[in-house]
Structure formats: C-alpha cells, structure tokens
Amino acid sequence: MPAPPTSSVVGLVCPACGVGYRESATNPRCRCGSLLDLEVPPPSLTGAELRSRFEARLTGRDIADVSGVWRYRELVVPQIPDSPISYPEGNTPLIASDAIARWTGTDRLALKHEGQNPTGSFKDRGMTVGMTQAVRLGARGVTCASTGNTAASLAAYAAHAGLPALVLVPAGRVTPEKLAQSAAYGAQTVALRGDFDRCLELVEQAADRFGLYLLNSVNPYRIAGQQTIIFELLHQRRWDPPDWIVFPAGNLGNTTAFGRALVASHRAGLISRIPRLAAVQAEGAAPFAHSYAAGFTPLEPVVADTVASAIRIGNPASFDRAVRAIRATNGLVTTVTDREILEAKAVVDRAGVGCEAASAAAVAGVRRLRRESVIGDGDSVVAVLTGHLLKEPLAAATARDSRAVEIDGRLDEIEAILDR
Ligand SMILES: *Cc1c(COP(=O)(O)O)cnc(C)c1O
Ligand SMILES: [Zn+2]
C-alpha cells in the first residue's frame with residue numbers, strides 16, 4: 001500500500017481519508033473509493049509576481065507560454081513537463097453581446113467561449129494535461145466514456161501524442177458531428193447499448209483490466225487542466241473577479257475544477273475575493289440540483305433525460321468534490337427546462353455567438369437567477385459556453401431555420417427574398 005506523502009512529496013491525495021499516492025499512480029481512486037485530488041504546492045511567488053509572470057507569457061513564443069493552459073502551469077501541476085502534448089489550446093475569448101445580455105436581464109454579462117478550443121469544447125484544457133501525463137507514464141493506450149466531446153478531444157490528443165485510443169459512447173445518443181471527430185482522428189469507437197453512466201462504469205473497469213490510461217474527468221489531471229478556464233478568465237479581467245460564474249453542470253468535473261481554481265487563485269493572492277459559482281443543470285438530469293435544494297443530501301442518481309446531450313448524466317462522478325466547490329465559493333445549483341435551454345440557444349446563435357445546447361443552459365440559468373433576483377441588479381456575470389455550435393448544428397432550435405431557399409439563379413429571385 002502506498003505510504004502517505006511527507007510534506008515534501010507532492011502527489012495525489014484522497015480528500016476523504018487523507019491517504020497519499022505517488023503522482024504517477026494511474027488509478028484515479030483511493031482504496032476507499034473516493035476520487036483523488038492532485039495537490040500542487042503553493043507557488044513561492046507573490047500574487048503580484050505571478051500576475052506579471054503570466055502577463056509576460058502573453059508575448060512568449062514557446063508552446064507552453066502560448067497555451068492558455070500551460071501559461072498558468074505553476075498552478076496546474078506539481079511537475080512541469082518539458083514538452084506538453086498541446087496544440088495549443090485555451091485562449092478563448094470573453095465575448096460581450098448586448099443581445100444576449102438583454103435577454104438575460106443583466107447588463108454586465110460576458111461569455112467565455114470554450115467552444116473555440118481546438119476540438120470545439122473545453123474538454124481540450126483537461127486533455128492536454130491528462131494526455132501529457134499519459135505520455136510521461138508511458139501509457140500503452142488511453143480510453144474514456146463520453147457523451148461526445150471528451151471522445152473527440154481524447155481522439156485528437158491521442159493522435160497528436162501517437163497513442164491508440166478507445167472511446168465508449170452511449171449508442172444512438174451522441175451527435176453525428178461529435179462521432180465524426182473521434183472517427184476522423186482515428187479513435188476506436190464503441191457504442192454501448194446503455195446510457196453514459198453505464199459507459200463510465202464499464203470503462204473504469206476496462207482501463208484497470210487492460211492497462212489503459214483513463215481520461216475521463218475522474219482523472220485528477222483533467223480537473224487540473226480545466227482550472228485554467230478560471231485562471232484565464234480572471235487574467236482577461238485583469239484579476240478583477242466577477243460577482244458570478246455561471247456554467248452547465250453534468251458529470252461535475254468543471255464544478256470541481258472551478259471551485260479549486262478560485263480557492264487557489266485567492267490563496268495565491270491573484271484575486272482579493274472569490275466569485276460565486278452557479279452550476280446549472282437540465283431539469284431532466286439534475287441530481288446535483290436536487291441534493292443542493294435539500295441542503296446537500298447524499299447523491300440520488302436519476303435516469304437522465306434532456307435535449308442537452310453533453311449534460312445528460314444521471315450519476316455524476318465528481319459529486320462529492322463538486323459539493324465542496326459550491327460550499328467553498330458560497331455558490332448554488334439551479335435548473336432550467338429543455339424549453340429554456342433551446343430558447344437560450346436560439347438567442348446565443350442569433351447573436352452570432354453560437355453554442356451547443358448544453359452550453360446554452362448557462363445562459364438560461366443567468367436569466368432564471370436574474371428573474372429570481374438571486375443575481376442582483378448591477379452584478380457582473382461570466383457565463384461559460386462549453387461547446388461550439390457545430391457540435392450539433394441540427395439541434396431542434398435551429399433545424400427549423402436551416403433550410404436554404406433554392407433558386408435558379410435570377411436576380412429577381414434574390415429580390416423577392418429580400419422583400420420578404
Ligand atoms: C462535458 C460538457 C459539459 C459538462 O461538464 P461536466 O464537467 O461534466 O459537468 C457541459 N457542456 C459541454 C459542451 C460539455 O462537453
Ligand atoms: Zn480515501
């Protein structure tokens with residue numbers, strides 16, 4: 001059995017029983033069953049020194065400076081790799097859209113568009129760190145269960161690293177666009193007759209049995225990388241934290257990562273106060289919201305049902321650590337209906353920003369919280385758009401308008417269309 005780490009040995013630590021494991025451990029779980037956290041030593045620099053170091057890297061040319069993940073490396077991993085598996089990723093914009101702000105009833109809203117990552121979702125931020133670790137460990141292959149975006153990201157990063165990849169998806173539940181990405185990047189795709197939750201259970205067993213490195217967000221290195229959504233958005237705001245950070249929540253990896261990142265930013269002296277997290281679930285896939293509403297009762301898994309396939313998850317793996325994240329940030333968990341999600345998606349798309357349905361849950365959540373006066377008049381809000389419009393271009397909200405008008409090629413036909 002691995003010995004607990006001494007204070008000088010930094011690695012993976014069980015938040016439930018305090019047992020430590022070497023950072024090279026491949027099992028994401030403690031022997032007690034809890035998911036392990038990656039401990040990063042507090043940086044030896046002051047907040048001001050860290051801020052100027054990060055700022056200087058904006059004009060750097062090394063991939064580790066150019067990447068919006070590795071730029072913040074002192075806060076991400078305990079051992080900084082020489083050559084990360086990176087495209088680079090991150091560097092996603094904070095978009096201000098009057099039309100979207102107006103719809104939500106807030107006037108200080110910015111959208112952190114994570115759909116602008118290399119494979120079209122925030123999953124790339126965790127994947128660059130997880131895949132770099134897979135290579136360090138000499139993994140013979142990598143694997144994940146996925147509602148589509150993790151598979152697309154894993155497939156790309158595995159190809160970039162030269163590792164074989166196996167992905168498990170719920171049969172008939174993943175958009176063709178996401179499946180096409182995995183296939184094109186050369187991952188072996190397996191469609192399981194069952195839901196995402198069953199895929200994750202099976203893949204954890206398969207990883208263990210067949211010696212594949214597991215890269216779902218149960219992996220602590222994935223969570224470590226996803227923290228950089230927060231570091232980067234704080235940096236973009238010149239370390240002036242917003243009042244709220246609102247985002248869709250499914251398997252609760254981001255909830256966990258965001259809580260850790262905010263606490264770490266505060267502890268490192270990068271920010272002087274901690275924004276409140278608002279995790280938004282689809283009403284038909286809301287076990288976290290149900291638990292929150294009852295004062296954080298133990299998780300009761302549900303059979304998930306929502307149009308937002310990326311958050312169609314009934315038994316979230318990171319439940320315990322997400323509870324800690326919401327508590328540490330004085331945060332909250334809310335729900336929105338599929339109807340609200342599709343309405344929000346139409347608004348985001350029409351504003352020229354565009355996102356996938358799950359991402360629109362964040363925007364619908366902002367509107368709901370503003371209507372309930374939970375988000376106050378004048379509060380500043382960042383909503384995280386987790387995935388790109390092209391991930392599901394034929395989603396119900398847009399299908400109606402996606403038919404082009406066919407013409408023979410005469411100007412009067414165009415004139416007739418303009419006159420409408
Ligand atoms: C993975 C994903 C989510 C859910 O994130 P969790 O960390 O599982 O809560 C939300 N939106 C999109 C687009 C995703 O790909
Ligand atoms: Zn434990």
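Read-outs: derived from the displayed coordinates by stated rules, not from any lab. Computed from a predicted model, the values in this text were never measured in an experiment. When we count neighbours, we look across all protein chains shown, and the Cβ atoms used for this are built from the backbone with ideal geometry, even at glycine.
So the values come out like this:
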{"quantity": "Nearest-ten-degree value, helix 338-350 long axis tilted from longest Cα axis of the chain", "calculated": "70 degrees"}
{"quantity": "Built amide H within the under 5 Å cut-off of residue 388, gap 5+", "calculated": "356"}
{"quantity": "Karplus-derived HN-Hα couplings along the stretch 267-276 (A = 6.51, B = -1.76, C = 1.60, θ = phi - 60°), whole Hz, x at Gly and Pro", "calculated": "4, 7, x, 7, 10, 9, 8, 9, x, 8"}
{"quantity": "Distant-in-sequence amide H partners of residue 335 (H built 1.01 Å from N, under 5 Å)", "calculated": "281"}
{"quantity": "Packing-based order for 166-176, 410-420, 335-345, using average beta carbon neighbours within 10 Å, highest first", "calculated": "335-345, 166-176, 410-420"}
{"quantity": "Alpha-carbon centroid distance for the pair the stretch 142-156 / the stretch 309-375, whole angstrom", "calculated": "22 Å"}
{"quantity": "3J(HN,Hα) from dihedral phi, the stretch 301-315, Karplus parametrisation 6.51/-1.76/1.60, rounded to Hz, x for glycine, proline", "calculated": "x, 10, 8, 7, 8, 7, 5, 7, 4, 6, 10, 7, 9, x, 9"}
{"quantity": "Per-selection Kirkwood Rh - the stretch 220-313 (Cα, Å, 1 d.p.)", "calculated": "14.3 Å"}
{"quantity": "Value of [θ]222 nm, deg cm²/dmol, for the chain, DSSP H segments ≥ 4, -39500 (n - 2.57) each, nearest 500", "calculated": "-11500 deg cm²/dmol"}
{"quantity": "Distribution of pairwise C-alpha distances over the chain, 20 Å bins, in %", "calculated": "28, 59, 12, 1"}
{"quantity": "DSSP beta bridges in the chain [antiparallel fraction, %, rounded to 5]", "calculated": "20 percent"}
{"quantity": "In degrees, nearest ten, helix 319-328 long axis to first principal axis of the chain (Cα)", "calculated": "90 degrees"}
{"quantity": "Degrees between helix 196-210 axis and first principal axis of the chain (Cα, 0 to 90, nearest 10)", "calculated": "40 degrees"}
